[in-house]
């Protein structure tokens, strides 16, 4: 039974009890007017119609649900700045996660995400609830998920609460690799969770993420501190050392992330290089480079995430010279 049907069932039971009370009162010789009966139940009926049914719709139709709490979301009329923060944060984070997801599959993530039809499923009071339905890629790219191993984009998004539950007071708990076995997608998800974590400046102190499959997890300023550390210094457990040649095609300089594309036998490799400046990154875009550093593999042994020590000129391609110091 979905949440809407469950709410209907509860409402029906409530109304039947109300009618039964009136019948029993009349049978016992008590004079009960319709106004008295309605007066005793009107508040509950309004709560059901204004809160329970809107929330049931969100729970039934959303891929991910956000629940914001704080002074900006504490009443049935939330601050406009708080509502705007939740909606804009959800849109930006789903977009950025989706772009990175498709880039890791060797395609133009920005082009695909531009055509995705992501929808707002509803807004409900009781703090501030917001539901999001993740759109599908355009028909030209609908085959992408079917041709790739691993979870779909929607499954990765629905997995965010499960990953968030590994945030502890001092760092990330052990066992995260089992819940998110792909190092690249794990890094992408941690970046998304960091962006979801509120700063408290918009009247929102905590933001819960919930999905039907993974339940709910809470993000606040404490989690933000832990996530910031995890993103700046990603765990490289069981890392191997090596080098890979490919083309730099995309970069997120705010998070020091780059995509190394067309790597022979690998495809796309997500790279982390905290000390890379914006000027250096701009010179690398579109170039073939040899990335040297430590890398992690997925459950199939394929390299997915690399902490880059340095970039070198690829020996096999002398015509591609880098405008960066080598070494």
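Every number in this text was worked out from the coordinates using simple rules, so none of it is lab data. Just so it is clear, the structure is predicted and the values come from calculations on it, not from any experiment. When we count neighbours, we look across all protein chains shown, and the Cβ atoms used for this are built from the backbone with ideal geometry, even at glycine.
Expressed as an acute angle from 0 to 90° and rounded to the nearest 10, what is the orientation of the C-alpha long axis of helix 183-196 relative to the principal long axis of the chain?
Around 50 degrees separate the two axes.
Can you put 290, 271 in order, fewest other beta carbons within 10 Å first? Intermediate results must be reported in sequence, preceding the final value.
Numbers: 290 20, 271 25.
Fewest-to-most ranking of 290, 271: 290, 271.
Hey, fewest Cβ within 10 Å first, where do 13, 185, 236 land in order?
In increasing order of surrounding Cβ atoms, one gets 13, 236, 185.
Note the angle between two axes, namely the Cα long axis of helix 221-232 and the longest principal axis of the Cα atoms of the chain, as a number of degrees from 0 to 90, rounded to the nearest 10.
20
Would you compute, from DSSP H runs of 4+ residues alone, the mean residue ellipticity of the chain at 222 nm, taking -39500 (n - 2.57) per run and dividing by the full residue count, rounded to the nearest 500?
Computed ellipticity for the chain at 222 nm equals -12000 deg cm²/dmol.
Using only the Cα atoms of segment 64-232, build the gyration tensor, take square roots of its eigenvalues as a ≥ b ≥ c, and label the shape rounded, prolate or oblate: rounded if a/c is under 1.5, else prolate if a/b is larger than b/c, else oblate. Let's see the in-between values first.
On the way: a/c = 2.04, a/b = 1.28, b/c = 1.59.
The shape class here is oblate.
Percent antiparallel among DSSP beta bridges with both residues in segment 240-312, to the nearest 5?
On the way: 26 of 29 bridges.
So the antiparallel bridges amount to about 90 percent of the total.
Pairing the Cα long axis of helix 3-27 with the longest principal axis of the chain, what angle in degrees results, from 0 to 90 and rounded to the nearest 10?
Once rounded, one gets 10 degrees.
What residue among 268, 199, 26 shows peak mean-square fluctuation when the chain is described by a Gaussian network model with Cα springs under 10 Å?
Answer for the Gaussian network model of the chain: 26.
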